[in-house]
Amino acid sequence: MATCSRAVWRVVSGCQPLSAVRTVYSGLSQSPVNTVPVRTLAVARTKKKDKKEEEEVKEVKKQRVIDDTGRHKPFGKTAWAPADDVYILRYYPRKLHRAGDAVELLQAYSRLDFTPKHQPVFMDLQLDMKLEKKKKVDSFVSTVHLPHPFKAEMNKVLVFTEDPEQARVAQENGAVIVGGKELVQQILDDDISADFYIAVPEILPKLMPLKNKLRKKFPKSKRGSVGVNIPKMLDLFKMGHEYIVEDNCYVRTQIATLDMPSEHIMENLQTIITDVCSHKPASLGPFIERAIVCSQTSEALWISTDDLLPQTADKTTEE
């Protein structure tokens with residue numbers, strides 16, 4: 001029996017090389033694997049087109065806006081206003097206050113909570129930076145002269161000029177530091193600094209090494225920090241209030257202190273909103289999407305800016 005099994009094993013082992021040769025030969029005779037039918041490519045392209053159409057349909061659905069005018073309650077809410085003093089906020093639309101009423105509420109909260117009266121009042125704006133043809137308003141920095149300043153100290157202003165007469169005028173009008181090209185290296189070494197930097201047009205080419213150092217404080221004609229009327233620029237920047245657009249569309253800045261009269265707070269608020277709206281044409285729609293005011297210890301109050309926005313001329317009717 002053992003002799004028979006050995007004979008069979010020899011026959012099988014001798015057949016292995018022949019089967020391997022046949023396998024290789026049959027593999028060479030087959031057609032190339034990389035050949036892809038044209039029909040498969042056509043189907044793949046059709047699928048891509050279908051995906052694009054689906055994405056366009058989804059985008060159209062996202063832009064759908066539900067109009068709640070004339071409805072007995074807002075869409076997705078319980079009612080227009082709660083019937084009790086205690087309620088869940090997410091079930092009712094957010095209350096929109098008038099700017100004057102919001103300021104009075106902040107002062108009332110301070111009295112009820114026994115918090116300090118001399119605390120800052122902040123404003124938070126969300127802007128619509130879109131322009132026509134997929135363009136956007138660039139983030140900007142602006143300085144305004146508030147009708148009722150809340151800072152006791154004046155800002156430090158540095159003036160760049162090489163004219164002796166202009167230097168004398170700048171010192172007489174309250175400039176902290178006045179000089180020319182010799183101040184560049186001192187600023188780079190952090191030996192001197194200021195809150196604002198203004199310059200005359202002739203010296204701007206010599207100030208280019210400071211562009212990366214000063215960044216948004218670098219003198220620019222668009223910000224009003226470059227010009228020949230030095231007394232006017234000093235009057236703006238000594239007591240001016242600076243705000244900046246953060247995160248591409250938000251303005252967060254202090255506007256007053258809570259112990260100021262409500263009329264003064266309203267005038268400061270309107271001054272900043274008017275300056276913000278001047279950076280976008282009114283014909284392209286409202287610039288401010290959302291406005292919030294709050295104090296350091298109070299809750300945030302959403303306000304309506306319709307009464308604070310600059311009035312535009314009425315459009316004439318076509319004949």
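At a glance:
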item: Surface accessible to a 1.4 Å probe, residue 265 within the full protein complex, Å²; result: 0 Å²
item: Rounded to the nearest 10 Å², the accessible area of residue 124 at probe 1.4 Å; result: 40 Å²
item: Sequence-separation-based contact order of segment 82-211, relative, with Cα cut under 8 Å and 6+ spacing, percent; result: 18 percent
item: Set of segment 272-302 residues, backbone N closer than 14 Å to the point 7 Å along the Cα-Cβ line of residue 140; result: 272-284, 287-288
item: Spatial separation of Cα centroids for segment 137-188 and segment 197-238, in angstrom; result: 8 Å
item: Set 73/135; 206/232; 232/280; 216/280; 133/213 screened for pairs whose C-alpha atoms are more than 27 Å apart; result: 73/135; 133/213
item: Accessible area of segment 197-319 belonging to carbon and sulfur atoms, whole % at 1.4 Å probe; result: 50 percent
item: Sequence of 128, 307 when ordered by accessible area, the most exposed leading, probe 1.4 angstrom; result: 307, 128
item: Surface per residue (accessible, 1.4 Å probe) for segment 189-319, Å²; result: 57 Å²
item: Sequence of 80, 302 from largest to smallest accessible area, 1.4 Å probe; result: 80, 302
item: Whole-number percent relative contact order across segment 181-270, with pairs defined as alpha carbons under 8 Å at least 6 apart; result: 19 percent
item: Pairs from 211/238; 117/222; 130/217 whose Cα-Cα separation, in the structure shown, is over 30 Å; result: 117/222
item: Residue order for 160, 122 - accessible surface, 1.4 angstrom probe, largest first; result: 122, 160
item: Rounded accessible area of residue 188 (nearest 10 Å², 1.4 Å probe); result: 60 Å²
item: GluC sites (Glu not before Pro) restricted to segment 153-261 and DSSP loop, no more than 15 other C-beta within 10 Å; result: 153, 162, 182
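The values are calculated or read from the model by the stated rules, or taken from the named source; none is laboratory data. In this text, all values refer to a predicted model and were calculated from it rather than measured experimentally. Here the Cβ is made from the backbone with ideal geometry for all residues, glycine too, and neighbour counts use every protein chain on show. Remember, those area values only see protein heavy atoms, side chains included, never the ligands or the DNA or RNA. Shrake-Rupley method; radii C 1.70, N 1.55, O 1.52, S 1.80 Å.
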